[in-house]
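Engineer: Here it is, the structure, as structure tokens.
Please treat every number below as a calculation from the coordinates, not as lab data. The structure presented is a predicted model; accordingly, all values stated were derived computationally and were not measured. Positions of Cβ are backbone-derived with ideal geometry, glycine not excepted, and every protein chain shown enters the neighbour counts.
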Amino acid sequence: MYVIRATQKLLKEMDCKVQKTDISVPLNTWHANMFTLNRRKTIVFMNDLSRLSLTIVGVKKAQLKNVEELFVNELRNYLMSEEIEEKVISRYIEENEGMIITTTNNRSVIGTLNELSTR
């Protein structure tokens, strides 16, 4: 199961219920932040373990209701562009079906996220 640790700004935009969790696998845990780029809402997801970042530009309010689908599609597209085998990608995505959205807990990752969004 993916654990998305969203900033307060993103949680406010998503308008979803925050779930509390203490247990998470670092490879399946991502931090997410929202900022504006060229007057478009942009979400950056960053993996806690690898610091891999996924950027989605031009996010609409309606898409925020399906953030899991949006995230998984972007992750799949990115991994395919890196020429990772399809069976490896499918296995990672299938093993992590479902998503928990919670608050942030790692200042180091948030600092890296903020650094990415100010460039």
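Engineer: Does segment 86-96 include one or more residues that are exposed (fewer than 15 other Cβ atoms within 10 Å of the Cβ) and touching a residue at least 40 places away in the same chain (Cβ under 8 Å)?
Structural biologist: no
Engineer: Now a separate question. Please go through (1) in contact with a strand residue (DSSP E or B) (Cβ under 8 Å, 6 or more places away or on another chain); (2) over 19 Å from ARG5 (Cβ atoms) for PHE45 and return the number of the only condition it doesn't satisfy.
Structural biologist: (2)
Engineer: Can you list residue pairs whose Cβ atoms sit under 8 Å apart, with the first residue in segment 31-57 being closer than 21 Å to SER81 by Cα and the second being acidic (Asp, Glu)? Count only pairs 6 or more apart in sequence or on different chains.
Structural biologist: Within 8 Å, the pairs are PHE45/GLU74; LEU54/GLU74; ILE56/GLU74.
Engineer: Here's something else I'd like to know. May I ask you to list pairs of residues, at least six apart or on different chains, whose Cβ atoms are under 7 Å apart, with the first in segment 8-25 being closer than 13 Å to MET99 by Cβ and the second being part of a helix (DSSP H, G or I)?
Structural biologist: MET14/LEU64; MET14/VAL67; VAL18/LEU11
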